[in-house]
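The values are calculated or read from the model by the stated rules, or taken from the named source; none is laboratory data. Computed from a prediction, not measured in an experiment: that's the story for all the values here. For neighbour counting, all protein chains shown are included, and Cβ atoms are generated from backbone atoms with ideal geometry for every residue, glycine included.
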Amino acid sequence: MPDRPEDELVTLEVSEHIGVVTLNRPEALNAATTPLFRRLIRLFDEINDDPNIWCVVVRGAGRAFSVGADQKERAAMSLQDLRTRRRISPAAFSAMRNCIRPVIGQVHGYAIGGGLELALGCDLVVASEGTVMGLIESRLASIPAGGGTQILPRLVGVPRAKELIFTGRKFDAAEALTWGMISYVVPEDELETKVMTLAREIASAAPVSNVQAKRAINLSMDLGVANGFDVEAALYERVLTTSDRAEGAAAHRERRTPIFRGE
């Protein structure tokens, strides 16, 4: 069965200032192909340019979030194809982290290999009970090259990350929660409700504040604590002059719900 058109491999729906990004290869458990990566990159470029989107949810259609690289595609790739994919894949894996808006990963079924790395690129992850996860690359004579060796140690600590990467073993969402890898585990029939409740809560806050806070947090992880404080101070100055900050302060004084405009 031929794959669907590239524009349908990842879809975007926007409502209530929330953009819902859906990996849309359910027949392949949302295995990642080069066209899927290209589409994901383009969609997040659109999201970054859309002032109406204040929070993003990333999910997978069908029975899984994503099982990682499409092995059928990879088996048929030439050396040049592999180089092309390797050139664009860092942008795909970084799309969620580099998104200016907060991004929630809605994970269910399976998040394996590159699929887990896509999830870990999100700012928060909510998973359904029984979700199977794992960075299995060492079992395939590879390494987690979609950010797994960089992001996982920051989330769970170096010893645990080394254990999971060196063994390539699979684990479930409950274990991931105890390690601090994800934020919530809920029954599968409550997953979408939990994610959308969290997304609406985030979208109800001042978007300019969340843009700068996300940037400050991410830069602090890259720069270290000392430089991170300097960055935080500079980004706080940007928030100080926004109309949303004035509205937030006024609403607090007047004991009413603020009306933010993203300005």
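Taking the stretch 1-34 as the range and being outside any loop (DSSP other than H, G, I, E, B) and closer than 19 Å to Met77 by Cβ as the test, the residues that pass are Glu6, Leu9, Ala28, Ala32, Thr34.
With respect to the stated conditions, Gly113 is buried (at least 23 other Cβ atoms within 10 Å of the Cβ), in contact with a Gly (Cβ under 8 Å, 6 or more places away or on another chain), at positive phi and in contact (Cβ under 8 Å) with a residue 12 or more places away in the chain. The number of residues in the stretch 87-109 being more than 15 Å from the chain's Cα centre (by Cα) and either modelled with pLDDT of 95 or more or crowded, with 23+ Cβ neighbours inside 10 Å (or both) comes to 1.
Would you say Ser142 is surrounded by fewer than 23 Cβ atoms within 10 Å (Cβ to Cβ), under 19 Å from Ala213 (Cα atoms) and among the small types (Gly, Ala, Ser)? For Ser142, the condition - surrounded by fewer than 23 Cβ atoms within 10 Å (Cβ to Cβ), under 19 Å from Ala213 (Cα atoms) and among the small types (Gly, Ala, Ser) - is not met. Checking the structure you have, find out if any residue of the stretch 174-184 is assigned to a helix (DSSP H, G or I), under 18 Å from the mean Cα position of the chain (by Cα) and modelled with pLDDT of 95 or more. Within the stretch 174-184 (the criterion being assigned to a helix (DSSP H, G or I), under 18 Å from the mean Cα position of the chain (by Cα) and modelled with pLDDT of 95 or more), the answer is yes, since at least one residue qualifies. When the residues of the stretch 129-164 are filtered to those that are in contact (Cβ under 8 Å) with a residue 24 or more places away in the chain and among the hydroxyl-bearing types (Ser, Thr, Tyr), the one that is farthest from Val186 (Cα to Cα) is Ser138. So is Phe37 within 18 Å of Val125 (Cβ to Cβ) and either of a type in the set (D, E, K, R) or not in a strand (DSSP E or B) (or both) or not? Spelling it out, it is not the case that Phe37 is within 18 Å of Val125 (Cβ to Cβ) and either of a type in the set (D, E, K, R) or not in a strand (DSSP E or B) (or both).
Taking (1) surrounded by 13 or more Cβ atoms within 10 Å (Cβ to Cβ); (2) within 22 Å of Arg97 (Cα to Cα); (3) of a type outside the set (Lys, Arg) in turn, Ser15 satisfies each apart from (1). For the stretch 220-257, the tally of residues that are surrounded by 17 or more Cβ atoms within 10 Å (Cβ to Cβ) and modelled with pLDDT of 80 or more stands at 3. A Cβ distance below 7 Å, combined with a sequence gap of six or more or placement on separate chains, defines the contacts here; from the stretch 194-207, residues that are over 13 Å from Gly19 (Cα atoms) reach residues that are hydroxyl-bearing (Ser, Thr, Tyr) in the pairs Lys194/Tyr184.
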